[in-house]
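Inspection log for the structure reproduced underneath, given as structure tokens.
The values are calculated or read from the model by the stated rules, or taken from the named source; none is laboratory data. Because the structure is a prediction, the values reported are computed rather than measured. Here the Cβ positions follow ideal geometry from the backbone for every residue, glycine too, while neighbour counts run over all protein chains shown. SASA here: full protein model, heavy atoms, side chains in, ligands and nucleic acids out. Shrake-Rupley method; radii C 1.70, N 1.55, O 1.52, S 1.80 Å.
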Amino acid sequence: MENINQLLQVRREKLEKVRKLGINPYPNRCKRTHKIGELIEKKDKFLESGEKIIIAGRLNAMRRQGKVGFGNVSDDTGKIQIFVRKDNVGEENYEIFKLFDLGDFMQIEGDCFVTRMGEYSVRASMVTMLGKTLLPLPVVKEKVVDGKVERYDEFHDIELRYRKRYLDLLLNPEVKDTFVTRSKMIKSMRDFLDARGFVEVETPILQPLYGGANARPFVSHHNTLDVDLYLRIALELYLKRLIVGGIERVYEIGKNFRNEGMDRTHNPEFSMIELYQSYADINDMMELTEDMVLHIAKEVLGTEVIDFLGTEIQLKKPWCRAAMLDLIKEETGFDAADFDFVKIKAFCTEHEIEIEPTAGPGKLIEEIFGVFVEPKLIQPTFVIDFPKEVSPLAKEKPGNPLLTERFELFINGNEYGNAFTELNDPLDQRQRLEAQSKLREMGDAEANVVDEDFLEALEYGMPPTGGLGIGIDRLVMLFTGNTSIKEVILFPQMKPEE
RNA sequence: GGGCCUGUAACUCAGUGGCAGAGUAUCUGACUUUUAAUCAGAGAGUCGAUGGUUCGAAUCCAUCCAGGCUCACCA
């Protein structure tokens, strides 16, 4: 406490000194002519021409040496050494230079040159304060050893990094890289869909009913209407209304909210893309998924093979397609194709798989799959033929009333996407939602509710449609080599302090 | 929610019952080509919080708070 006061005190005093010199430490204008990256990129040109340039950035290192000082200044394109000499900037300006602290924003007017030690630098003819910082930034020092950057005293306390993400971004360059990659991926996804005639839309986040997934919602309240509203748990039901409305290809990229546990692949709010394509089915969705992910990988990473922490993930088409029941049989030798509840239950008990009171054979099959098969699906795999019982929005598989035309995409043992040949039979859909509703009454808090408005829309007619949802955060994790979802969400959910 | 682990200076960390420590950062002094600058000196702490054991607690015990990993939960 005393200590931070002391550190604060010093900076505030310097701030006052700057003001006393008649200088505004937070000026309205700056005069940057070049970004640092440009100086580095066209080094020869700037060295040859000796032209006047003005850069601006944060001061992140300072080596003062009496009447001369070397600093490192960085902007979002790079970092460069500055050289400030009393004889060059003049006595008055040098006094100002002395009032800079690490972290302050600085404008440097000068020209490029190479120091005696061979470092490409900017020789200042004038420095200007663009903004004084009052709190000291943690200091991370770097040294190049054998061409590799070694960093000292890195800012890596995980809690601090997430709570003060601005510091994390400033001090850990790879963190910024992750979020830049994320941005590029989403842009690339948009480009891909836009080029195929998809229309991007925004649907309500505050909804009078929630649906489209099995999950518990967050509840809020609208004062004027005096009604409870739910934060959406999926985008599905509103996007299908738009398919009914004749937007034949539609997508939305947005946040979903699920009031459930958090771990390294779950955050209460997370980003999804959902897309729906009229006159298409599950097979079209598989091809589209392959094409889209491959497109993003090529565009953003420039590769078809991802190296995920040493595991090679091959994205080249076609990806594996396998039926859930076949995979279970392969992995365990257990054949559940007859949906014999007693038999399946016995298998679960034998393998200590928890059986929820509302679970039927389909739910148990999914559980068995989750335990025995999921973690083994490392290369991209479309798992198809889901039990109808756990797929209330998917169309039945022709020839087998117990299964649906649905896939989930698995990579690296995690689920990345979910798609159906969408159920467009309004009467069937009503029955399925009502069955879900019964499960709710029996205590399944994650079962769907009956959305009459959605059912009415279906009665007006939804064309045959293929739909797909992909978890964006997880895809970013895959592309950036992160094992925690918190690393790809700028401000992940944390418990409030105190 | 269970198990394991972590919390000490602004940052990174040592310290396992006997005076609260180091490096960096900060401050003072020296230094007109340094680059983890260097050299000399100084200041800086509610040892996560509360309670207990003890002559004595950062250290042992209990509870709580925050975080991490993991299991459970979770499309």
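Side notes on the structure shown:
- Where A:LYS31 falls short, out of the listed (1) surrounded by 13 or more Cβ atoms within 10 Å (Cβ to Cβ); (2) touching a residue at least 60 places away in the same chain (Cβ under 8 Å); (3) within 22 Å of A:MET126 (Cα to Cα): (1)
- Condition met for A:GLU366 (touching a strand residue (DSSP E or B) at 6+ places or on another chain (Cβ under 9 Å), surrounded by 17 or more Cβ atoms within 10 Å (Cβ to Cβ) and acidic (Asp, Glu)): yes
- The residues on offer are A:ILE82, A:ILE108, A:ILE36, A:ILE55, and the sole one that is in contact with a His (Cβ under 7 Å, 6 or more places away or on another chain), surrounded by 17 or more Cβ atoms within 10 Å (Cβ to Cβ) and closer than 29 Å to A:ASP153 by Cα is A:ILE55.
- Matching residues in region A:191-237 - criterion: being open to solvent by 60 Å² or more (accessible area, probe 1.4 Å) and assigned to a loop (DSSP other than H, G, I, E, B): A:ARG196, A:GLU202, A:ILE205, A:PRO208, A:LEU209, A:ASN214, A:ARG216, A:PHE218, A:ASN223, A:THR224, A:LEU225, A:ASP226
- Among the candidates A:ALA445, A:ALA457, A:ALA435, A:ALA419, residue that is in contact with a Ser or Thr (Cβ under 8 Å, 6 or more places away or on another chain), of a type outside the set (S, T, N, Q) and in the same structural domain as A:LEU288 (by TED's automatic domain parsing): A:ALA419
- Scope region A:264-301; condition at pLDDT 95 or above and open to solvent by 60 Å² or more (accessible area, probe 1.4 Å); matching residues: A:TYR279, A:ASN283, A:ASP284, A:GLU287, A:LYS298, A:GLU299, A:LEU301
- Tabulated pairs, region A:461-482, first open to solvent by 10 Å² or more (accessible area, probe 1.4 Å), second of a type in the set (Phe, Trp, Tyr), C-beta under 7 angstrom, 6+ apart or interchain: A:PRO463/A:TYR279; A:PRO464/A:TYR279; A:GLY471/A:PHE270; A:GLY471/A:TYR416; A:ARG474/A:TYR416; A:GLY481/A:PHE308
- Condition met for A:ARG32 (among the basic types (Lys, Arg) and within 42 Å of the chain's Cα centre (by Cα)): yes
- Taking strands (runs of 3 or more DSSP E) as the structural unit, those lying wholly within region A:238-318 and holding at least 2 residues that are within 15 Å of RNA strand B (Cβ to nearest atom) correspond to A:249-257, A:269-278.
- Of the strands (runs of 3 or more DSSP E) that lie entirely inside region A:32-145, those containing 1 or more residues that are at pLDDT 95 or above and in contact with a helix residue (DSSP H, G or I) (Cβ under 9 Å, 6 or more places away or on another chain) span A:53-64, A:68-75, A:78-85, A:105-114, A:120-131.
- Residue selected from region A:146-176 under the condition in a helix (DSSP H, G or I), of a type in the set (Lys, Arg) and more than 10 Å from RNA strand B (Cβ to nearest atom), by the criterion farthest from A:LYS79 (Cα to Cα): A:ARG165
- Looking only at residues of region A:177-190 that are touching a helix residue (DSSP H, G or I) at 6+ places or on another chain (Cβ under 8 Å) and open to solvent by less than 80 Å² (accessible area, probe 1.4 Å), we find that the one that is nearest to RNA strand B (Cβ to nearest atom) is A:THR178.
- Search result, residues across region A:397-410 that are touching a residue at least 24 places away in the same chain (Cβ under 8 Å) and surrounded by fewer than 20 Cβ atoms within 10 Å (Cβ to Cβ): A:LEU402
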